[in-house]
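The values are calculated or read from the model by the stated rules, or taken from the named source; none is laboratory data. Just so it is clear, the structure is predicted and the values come from calculations on it, not from any experiment. Cβ sites come from the backbone with ideal geometry, for glycine too, and all protein chains shown count toward neighbours.
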Amino acid sequence: MLALLLAALLQTPVAPSPPPDSARAATEVAPPAAIPAAAQPEAPPEDGGIRFRPRVAPSALYSTTRGFGIGGGVGITNLGWRGSDLVVDLHLQQRYQAANVTLFTADPYASAVHLLVGGGGSTTSRRRYYGLGPNTTTSSELFLHHDAAQAELRAGVYPLGTTGLYLQPSVRLLYDYTSGVNEEASRSTLDALDAVSQTAVRIAEDRGRYGLSGGLEVATDLRDWPAYPRKGMLVTAEYRRFVALDDSDLTLDRYAGSVVHYIPIRGRTTAILRAVGSVTRSGDADGDGLSDPIPFYYLPTLDDRVATAFRQDRLTGRDVLAVGAGARAPVFDFLGVYGVDALVMGYLGNAYDDVFEQFTPAVTFAEDSVVDAEGKAALRPSIGVGLGLINLDKERVVIGGLVGLGPGGITVATLRIAYDLRDARPLFR
């Protein structure tokens, strides 16, 4: 699969196009998780008037982890000035409550320069935790009481006037508080985990941790149409540095990158290749970046947002890596206006203590130990199958869903292949 991915990336890419300045682009922004694409910002009215749109989160109706509830919000376009987009979302579930507000000063797909200001918070008694590294199992599942809040200021710039280069500096203020393990809901106990996994919780228990995360993200978007691509690729790279503002003196450096490549086959049928990875190192005294303990919530997680077939919060570590391949194909069309597409994606991935030392191209279906005698960790497989309703006239996914089968069992996710830097919600904190 890695060889196939590299071969595809060497193909001649689609020529970059200028950031669209038409009304069409504002309609086609890919949705954040659990929000149907139909609820995304629409074209600004010709008269520049304020426009409201409802936002519905079907995933909030029921979750085995969070219980019953309701979720939704409102989007307001052209509030204060033409092109602005304000979004307010609220989730109220039995064991999870969250509120978020984001404001784009202009359409990030249509404006050469734009800003995002956002913030929000959440509280839950069911934050899943399985421990750290590649060797975690579903039997070690814990639920933690966890509160989180964040605020972000972000800028987006197309310095060349085309989608061939996109720069996005940002700064985030992060706050987290963990009050301990929900013993009644958990399958295991904290003492049953390995020492490193225990430490990642105990250094965070019963205290508020906060700090600043600043960084720069770079992308080249060579897809023919971001909302429903048939060819081209999106490549992203990111560097971030976190500095604690509490008394911990913790500093973290994170490097992340991803690539998704669409290869046209026939009509709407498209092959898809994807790779994503992240490396986190702490500023420890011996210089290897691997010694200082890190609170679990500052580490990247390989789950349904990163690669849709993996379970939520399932694989957490200093480093994560996943590669995938699949295809999207039409099932049937209705009067040439709407169609139904099927999506199949297979992934191989894992979380690592140190990906450079532990990675091996081996694959295992074992649920228990995946680390061999030499300390190498095999890749875990997962597969996702989904359906999406397509608006053929506007070339966008109206609504869709995917069922994934991987480490930890079955998961349900939105029909989303790849994260985009211009999404309101970052992939990693």
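Values computed for the structure shown
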{"item": "Residue match in region 312-319 (condition: among the acidic types (Asp, Glu) and modelled with pLDDT of 95 or more)", "result": "yes"}
{"item": "Complete set of residues in region 219-247 that are hydrophobic (A, V, I, L, M, F, W, C), assigned to a strand (DSSP E or B) and more than 16 Å from the chain's Cα centre (by Cα)", "result": "Met233, Phe242, Val243, Ala244"}
{"item": "Members of region 105-116 found to be within 19 Å of the chain's Cα centre (by Cα) and closer than 19 Å to Asp89 by Cβ, listed by number", "result": "Pro108, Leu116"}
{"item": "Number of the exception - Arg240 against (1) under 24 Å from Pro134 (Cα atoms); (2) modelled with pLDDT of 95 or more; (3) touching a Gly at 6+ places or on another chain (Cβ under 8 Å); (4) surrounded by fewer than 20 Cβ atoms within 10 Å (Cβ to Cβ)", "result": "(4)"}
{"item": "Elements of type strands (runs of 3 or more DSSP E) in region 306-386, at least 3 residues being within 20 Å of the chain's Cα centre (by Cα) and farther than 24 Å from Ser197 by Cβ", "result": "319-334, 338-352"}
{"item": "Tally, over region 161-195, of residues that are over 23 Å from Gly257 (Cα atoms), without any contact (Cβ under 8 Å) to a residue 60 or more places away in the chain and not hydrophobic (A, V, I, L, M, F, W, C)", "result": "12"}
{"item": "Any hit, region 266-273, residues being in a strand (DSSP E or B), of a type in the set (D, E, K, R) and without any contact (Cβ under 8 Å) to a residue 60 or more places away in the chain", "result": "yes"}
{"item": "Members of region 161-192 found to be exposed (fewer than 14 other Cβ atoms within 10 Å of the Cβ) and part of a loop (DSSP other than H, G, I, E, B), listed by number", "result": "Gly161, Glu183, Glu184, Arg187, Thr189"}
{"item": "Qualifying positions in region 106-146 - under 26 Å from Leu299 (Cβ atoms), among the hydroxyl-bearing types (Ser, Thr, Tyr), in contact with a helix residue (DSSP H, G or I) (Cβ under 8 Å, 6 or more places away or on another chain) and crowded, with 20+ Cβ neighbours inside 10 Å", "result": "Tyr129, Tyr130, Thr136"}
{"item": "Out of Arg154, Arg126, sole residue that is of a type in the set (Lys, Arg) and modelled with pLDDT under 95", "result": "Arg126"}
{"item": "Members of region 118-138 found to be without any contact (Cβ under 8 Å) to a residue 60 or more places away in the chain and more than 19 Å from the chain's Cα centre (by Cα), listed by number", "result": "Thr123, Thr124"}
{"item": "Subset of region 375-403 that is at pLDDT below 90 and of a type in the set (D, E, K, R) - its residue that is farthest from Pro58 (Cα to Cα)", "result": "Asp393"}
{"item": "Residue match in region 135-149 (condition: at pLDDT 95 or above, closer than 23 Å to Ala256 by Cα and part of a strand (DSSP E or B))", "result": "yes"}
{"item": "Those residues of region 85-115 which are in contact with a Phe, Trp or Tyr (Cβ under 7 Å, 6 or more places away or on another chain) and not hydrophobic (A, V, I, L, M, F, W, C), in sequence order", "result": "Asp85, Gln93, Gln94, His114"}
{"item": "Residue satisfying all of: in region 166-199; at pLDDT 95 or above and of a type in the set (A, V, I, L, M, F, W, C); farthest from Leu115 (Cα to Cα) among these", "result": "Leu174"}
{"item": "Of the criteria (1) surrounded by 15 or more Cβ atoms within 10 Å (Cβ to Cβ); (2) charged (D, E, K, R); (3) in contact (Cβ under 8 Å) with a residue 60 or more places away in the chain, which one Asp368 fails", "result": "(1)"}
{"item": "Inter-residue pairs, beta-carbon under 8 Å, first under 18 Å from Arg425 (Cα atoms) and in region 72-95, second outside any strand (DSSP E or B) and β-branched (Val, Ile, Thr), 6+ apart", "result": "Ile76/Ile50; Ser84/Thr105; Asp89/Ile35"}
{"item": "Subset of region 202-254 [in contact with a strand residue (DSSP E or B) (Cβ under 7 Å, 6 or more places away or on another chain), over 26 Å from Asp420 (Cα atoms) and aliphatic (A, V, I, L, M)]", "result": "Ala204, Ala244, Leu245, Leu250"}
